[in-house]
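Input: a single structure, listed below in C-alpha cells.
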Amino acid sequence: MADTPVEYIKHHLQNLTYGKLDAGYERFDGSVMSESGWTFARTAQEASDMGFMAIHVDTLGWSIAMGVLFLGLFRFVATRVTTGVPGALQNLVEVTVEFIENLVKDGFHARNPLIAPLALTIFVWILLMNVLKLIPVDYIPSIAHAMGLEYFKIVPTTDPNATFGMSIGVFLLIIFYSLKVKGVTGFAKELGMQPFNHWALIPVNLVLEILVLIVKPISLALRLFGNMYAGEVVFILIALLPLWAQWTLNVPWAIFHILVIPLQAFIFTMLTIVYLASAHEEH
Amino acid sequence: MNINLTLIGQSIAFAIFVWFCVKYVWPPITAAMEARQKKIAEGLSAADRASLDLELAQEKAAQQLHQAKEESASLIDQANKRAAQIVEASKDDARKEGEKLIEQARAEIQQERIQARDALRTEVALLAIAGAEKILETSVDAKAHSEMLDKLAAEL
C-alpha cells in the first residue's frame with residue numbers, strides 16, 4: 001500500500017494490470033526479464049510500459065461479473081415469468097423492462113428488435129458497474145492486497161477501456177445500421193452532401209460529418225468515464241481525511257452519487273437510442 | 001489509465017451480453033407482459049360488457065313489469081265490463097222469462113175460463129132442456145132441436 005497522500009491516490013487509481021513485458025525489461029526490484037512474458041505489473045510504470053498488450057483484470061473481471069449478475073437475474077426471472085400476479089423480483093424486472101421499452105418507443109421510431117434489449121443491457125449493466133462505486137474505496141483493495149494483488153480498482157466505469165469498449169460497440173452498430181438502412185450510397189451521400197448540398201463542398205461536408213460521427217462514441221465514453229472517475233477521485237480524497245471527519249463529506253457525496261449513478265447509466269442508454277435512431281432515419 | 005486489450009475484451013463482453021439479452025432475456029419477459037396486458041384489457045372489457053348487460057336487463061325487466069301491469073289492468077277492465085254485461089244480460093233474461101211466465105199464466109187462465117164457460121154453457125143448456133122437458137112433459141128430440149139448442153148455448 002501507499003504512504004503519502006499522492007501515492008495513496010495514485011495507487012487507488014491504478015488498475016490491476018496483467019500484460020506482456022519484453023525481454024531485457026528491468027523490473028521494479030531491479031531484476032531483468034530474461035525473456036518476454038506475461039505477468040502482473042507491480043508498479044504504475046510497469047503497467048504503462050506494457051503498452052497495448054495488457055489487460056486490466058479488475059476492470060474486465062468486475063464488468064463481466066456485473067454483466068453475468070444482470071443477465072443471470074433477468075434470465076432467472078424470464079424462465080419463471082408468469083402472466084398472473086408477478087412477485088417482487090419479477091415486478092422489479094418488469095418495471096425496468098417497461099422503462100426501457102417506453103424510452104425506446106419515444107426515441108426510436110423505426111422497427112428494430114435489437115434496440116430495446118440493447119438499451120436494457122446498457123442501462124442495467126452500467127448501473128450495476130456504477131453501483132460498485134458506493135462500496136467504500138478501501139474495502140476491496142485491502143482484501144485484494146491481503147491476497148497479494150498490488151492494485152485493485154473495482155469500478156469498471158472509472159476505466160476508459162471499459163467505457164470506450166462499450167461506446168465502440170455502439171459505434172459499430174451505428175455504422176452497421178446506417179449502411180443497412182441507407183445503403184452504401186445513401187450513407188456516403190449523407191456524409192458528403194450535408195449540411196451543404198453542393199458538390200464543391202463535399203470535402204467540407206465529409207470533414208464535418210465524419211467528425212460528428214466520431215464524436216458520438218467519444219462523447220458517450222468520456223461522459224461516463226469522466227463522471228465516474230471524478231467521483232472516484234473525490235471519494236479517495238475524502239478517504240484521506242481523518243477518520244472522525246470522513247462521514248461529513250462521504251455521506252453527502254455518496255447520497256449525491258445515488259443520483260449520479262442511475263443518471264449516467266440513463267444518459268448513456270438514452271444517447272445510444274438517439275444515435276441509433278438517427279442511424280435509421282434519412283436526413 | 002492506459003488504453004490496452006481491456007478495450008477489446010470489454011467490447012467482446014458487451015457484444016455477448018447484448019446477444020444474450022436479445023435472445024434469452026427480452027422476448028420471454030415482454031411476451032409475458034403483453035399477455036398480461038391483454039388479459040387485463042379483456043377483463044376490463046368483459047366488466048364493461050357485463051355492466052352494460054346488467055343495465056339492459058334492468059331496463060328490460062322494468063319494461064316487462066310495466067307491460068304486465070298494463071296487461072293486468074286491461075284484463076281487470078275487460079273482466080269488469082264482461083261481468084257488467086253478464087249481469088245486464090241475466091237481468092234482461094230474467095225479465096223476459098218473467099214476462100213470458102206471466103203471459104203463459106194469463107193464457108192458461110183465459111183458456112180455463114173459456115173451458116169453464118163452455119162447460120157451464122153446456123150444463124146450462126142441458127139444464128134448460130131438462131127444464132123444458134119437464135115443462136113440456138115430452139122429451140125433446142135432441143137431434144131435431146140441436147140447432148136451436150146450439151143457438152141457445154151460444155147465446156149464453
Looking at (1) within 9 Å of chain B (Cβ to nearest Cβ); (2) in contact with a Ser or Thr (Cβ under 8 Å, 6 or more places away or on another chain); (3) of a type outside the set (S, T, N, Q); (4) closer than 22 Å to residue B:37 by Cα, which is the one condition that is false for residue A:103?
-> (1)
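Given the criteria away from chain A (no Cβ under 14 Å) and either surrounded by 10 or more Cβ atoms within 10 Å (Cβ to Cβ) or at pLDDT 95 or above (or both), does residue B:59 qualify?
yes
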Could you look through the stretch A:1-29, keep only residues that are touching a residue at least 24 places away in the same chain (Cβ under 8 Å) and in a strand (DSSP E or B), and pick out the one that is farthest from residue B:6 (Cα to Cα)?
-> A:21
Return yes when residue A:219 is more than 15 Å from the chain's Cα centre (by Cα) and hydroxyl-bearing (Ser, Thr, Tyr) and no when it is not.
-> no
Looking at A:268, A:235, A:187, which one is modelled with pLDDT of 95 or more and assigned to a helix (DSSP H, G or I)?
-> A:268
By residue number, the members of the stretch A:150-194 that are in contact with a His (Cβ under 9 Å, 6 or more places away or on another chain) and within 14 Å of chain B (Cβ to nearest Cβ) are A:151, A:153, A:156, A:159, A:161, A:162, A:177
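Looking only at the stretch B:9-48, count every residue that is facing chain A (nearest Cβ under 7 Å) and either surrounded by 13 or more Cβ atoms within 10 Å (Cβ to Cβ) or of a type in the set (Phe, Trp, Tyr) (or both) and tell me the total.
Qualifying residue count for the region: 21.
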Listed residues A:228, A:193, A:270; which is out of contact with any Lys or Arg (no Cβ under 7 Å at 6 or more places or on another chain) and in contact (Cβ under 8 Å) with a residue 40 or more places away in the chain?
-> A:270
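I'd like the full set of residues that are touching a helix residue (DSSP H, G or I) at 6+ places or on another chain (Cβ under 7 Å) and of a type outside the set (Ser, Thr, Tyr), limited to the stretch B:105-140.
B:121, B:125, B:128, B:129, B:140
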Out of A:127, A:132, A:120, report the one residue that is facing chain B (nearest Cβ under 10 Å), within 20 Å of the chain's Cα centre (by Cα) and at pLDDT 90 or above.
-> A:120
Per-region count, the stretch A:180-208, residues farther than 19 Å from residue A:118 by Cα, of a type in the set (A, V, I, L, M) and surrounded by 12 or more Cβ atoms within 10 Å (Cβ to Cβ) | 8
Among the residues of the stretch A:46-65, the number that are at pLDDT 90 or above and out of contact with any Leu (no Cβ under 7 Å at 6 or more places or on another chain) is 6
Could you list, in sequence order, all residues of the stretch A:30-89 that are exposed (fewer than 15 other Cβ atoms within 10 Å of the Cβ), more than 9 Å from chain B (Cβ to nearest Cβ), in contact (Cβ under 8 Å) with a residue 24 or more places away in the chain and of a type in the set (A, V, I, L, M)?
-> A:69
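The values are calculated or read from the model by the stated rules, or taken from the named source; none is laboratory data. Fair warning: this is a prediction, and the values are worked out from it, not measured in the lab. Note that we place each Cβ from the backbone using ideal geometry, even for glycine, and neighbour counts take in every protein chain shown.
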